[in-house]
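*Asks:* After the structure tokens below, expect a handful of questions from me.
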Amino acid sequence: MTRYHLTHPEDGRFAPAFALYEQSFPIHERRTRQAQQASLGCPGYHFDLLMEGEEFQGILLWWEAGPFCYVEHFAIQPELRGSGLGGRVMEKLMGQGKPCLL
């Protein structure tokens with residue numbers, strides 16, 4: 001599994017990633033499509049795609065905030081939930097040496 005940092009809404013992978021985001025979180029807990037696209041350009045914001053080769057596996061949306069990271073949204077494709085992928089993703093993120101807030 002690799003994390004790919006998405007920086008432009010024109011990237012063809014944004015649409016399936018945003019679809020998973022909408023499917024995984026209630027409307028009152030998420031940004032609109034336009035707000036999410038605007039956030040892609042914010043310093044410290046990471047809209048990471050979780051990939052295995054060309055297979056899209058999930059999203060990890062987080063902020064680098066000084067000495068720590070703040071995980072805002074995290075979702076795995078429904079058919080991959082329960083496989084341990086989420087734990088591996090968080091282990092990798094926490095292995096960067098910064099405390100993580102969820």
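The values are calculated or read from the model by the stated rules, or taken from the named source; none is laboratory data. A quick note: this is a predicted structure, and the numbers were derived from the prediction, not measured. Neighbour counts are summed over all protein chains in view; Cβ atoms, including those assigned to glycine, are modelled from backbone coordinates with ideal geometry. Please note that ligands, DNA and RNA were not included when accessible areas were found on the heavy atoms of the full protein model with its side chains. Shrake-Rupley method; radii C 1.70, N 1.55, O 1.52, S 1.80 Å.
*Asks:* Can you pull out the GluC sites (Glu not before Pro) in the stretch 33-63 that DSSP calls coil and that have at most 11 other Cβ atoms within 10 Å?
*Replies:* Those satisfying the criteria are E54.
*Asks:* Give the accessible surface of the chain per residue, rounded to a whole number of Å², with probe radius 1.4 Å and ligands, DNA and RNA excluded.
*Replies:* 55 Å²
*Asks:* Let me ask something else about it. How about the stretch 1-78: which trypsin sites (Lys or Arg not before Pro) there are in a DSSP loop, with at most 16 other Cβ atoms within 10 Å of their Cβ?
*Replies:* Sparse-neighbourhood loop trypsin sites (Lys or Arg not before Pro): R13, R31.
*Asks:* Using only protein heavy atoms and a 1.4 Å probe, report how much of Y21 is accessible, in Å² to the nearest 10.
*Replies:* 0 Å²
*Asks:* Same structure, new question: Top mean-square fluctuation among E79, E64, E22, Gaussian network model of the chain, C-alpha springs under 10 Å?
*Replies:* Maximum among the listed residues: E79.
*Asks:* While we're looking at this one, here's another question. For the chain, which whole percent of the accessible surface, found with a 1.4 angstrom probe, sits on carbon and sulfur atoms?
*Replies:* Carbon-and-sulfur percentage of accessible area, whole number: 56.
*Asks:* Sticking with this structure for a sec: Less than 12 Å Cβ to Cβ from A75, Lys/Arg counted +1 and Asp/Glu -1: what total charge do the surrounding residues give?
*Replies:* -2
*Asks:* Write down the radius of gyration of the chain and its Dmax, each obtained from C-alpha positions, in Å.
*Replies:* Gyration radius and largest Cα-Cα distance of the chain: 13.0, 35 Å.
*Asks:* Return the calculated 222 nm mean residue ellipticity for the chain, to the nearest 500 deg cm²/dmol, obtained by summing -39500 (n - 2.57) across DSSP H runs with n ≥ 4 and dividing by the residue count.
*Replies:* Result for the chain: -8000 deg cm²/dmol, rounded to the nearest 500.
*Asks:* Something else now. I'd like to know which of M90, P16, P78 lies farthest towards the positive end of the charge dipole of the chain, counting +1 on Cβ of Lys and Arg and -1 on Cβ of Asp and Glu.
*Replies:* Looking along the dipole axis, the top candidate is M90.
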